[in-house]
Amino acid sequence: MNKINKLGVVMKLSNSIMEEFRKIKGWGFETCHLTCFDRNMLTDGYAELVNLAVEKSGIEITAFWCGLDNPAFWNFYDGPSTLGLVPSVYRHKRIETLLLGSDFARKTGIKNVATQMGFIPEDPYDSNYMGVVNTIRFVAGYCKNSNQSILFETGLDTPVTLKRIIQDIGFDNVGVNFDPANLLMWGKANPIDALDILSEYIFEVHAKDGEYPTDVKNAGVEKPLGQGRVNVQAFVSRLDAFGYKGPITIETYAAGGLWDEAVLAAKKLLESIMHK
């Protein structure tokens, strides 16, 4: 059924990255997304460690997910004023962090840099909208000089708002890291429908599941893959239908201390769908 031939998993940058890469290689993964929320780790020493882990394991890192500086409140009340590049009061330092992330990705041969940009204003005439556009345009230009792309993580914006700002930025190296669960958990869209809106801009994809919000303050609950409302089979089929050929990267935080089991269960589910 499906022409996607690589599965990956989200991995955190750590001192044990060599062992972690060898473990997921043993599980049959070929790719990963590397994440880091500590700008102090974006050093030459850690870049050398990552390069060695890639060399020894054969794992390909298809995206570097660059976490931005605190404060960060992941809810509907405090999120708009603290998350991503939207709040102007934190913007300068976070631009610096993204540039550090781009440099780190370049040193480790990673072509896609992803992050959560924040709650992009729905109104294109909002006084802050063009400031966000110009900020991401600056970061995109920096990444372009290193032959990299900068990716929006889906979730905090409606698909139409996300498509609009990508077009307004106007750079061909600006795209989407499509996370279907985030769209559900933040109440922004049905992920299957969102694929139709954003398909031309999708560079990377997460496999994650979740539920719609049930209160007015907090995002919905993440669920193990296949146990939420994403409809994984329809999601993978739709990716295939519009010609997505990249990896599907499993991301899960829903398993508590059973991360290994959750990742392997997600892999089994995806393979059963992809091999039909």
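A short reminder: the numbers here are calculations on the coordinates, not readings from a lab. Fair warning: this is a prediction, and the values are worked out from it, not measured in the lab. Reconstructed Cβ throughout: ideal geometry from the backbone, glycine too, with neighbour counts over all protein chains shown.
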Any idea how far the Cα center of segment 85-125 sits from the one of segment 188-260, in Å?
22
Vicinal HN-Hα couplings computed from phi for segment 180-188 (Karplus, 6.51 cos²θ - 1.76 cosθ + 1.60; Hz; Gly/Pro x):
x, 5, 4, 4, 6, 5, 9, x, 9
Given a cut-off of 15 Å, what percent of all Cα-Cα pairs of segment 199-244 lie beyond it?
53
Here segment 71-76 yields Karplus 3J(HN,Hα) values (6.51, -1.76, 1.60; θ = phi - 60°; whole Hz; Gly and Pro given as x) of x, 8, 10, 8, 8, 6
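Could you pull out the pairs from 163/276; 144/208; 107/223; 188/268; 56/267 whose alpha carbons sit more than 25 Å apart here?
The answer is 163/276; 144/208; 107/223; 188/268.
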On each of the three principal axes the extent of the alpha-carbon atoms of the chain, given in whole Å and largest first, is 50, 42, 34
Mind putting a number on the dipole of the chain about its Cα centre? Charges go on the C-beta only, +1 for Lys and Arg and -1 for Asp and Glu, and I need it in Debye to the nearest 20.
480
Mind checking which of 265, 47, 114 has the largest fluctuation in a GNM of the chain, springs on alpha carbons under 10 Å?
265
Enumerate the aspartates and glutamates that residue 23 could reach by cross-link, defined here as Cα to Cα under 18 Å, with residues fewer than 8 away along the same chain left out.
55, 60, 251, 260, 261
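What number, rounded to the nearest 500 deg cm²/dmol, is the helix-based mean residue ellipticity at 222 nm of the chain, given -39500 (n - 2.57) per DSSP H run of at least four residues and division by all its residues?
Calculated at 222 nm, the ellipticity per residue is -13000 deg cm²/dmol.
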Tell me, what ³J(HN,Hα) does each residue in segment 87-93 have, in order and in whole Hz, if you take phi through Karplus 6.51 cos²θ - 1.76 cosθ + 1.60 with θ = phi - 60° and put x for Gly and Pro?
x, 5, 5, 9, 5, 4, 5
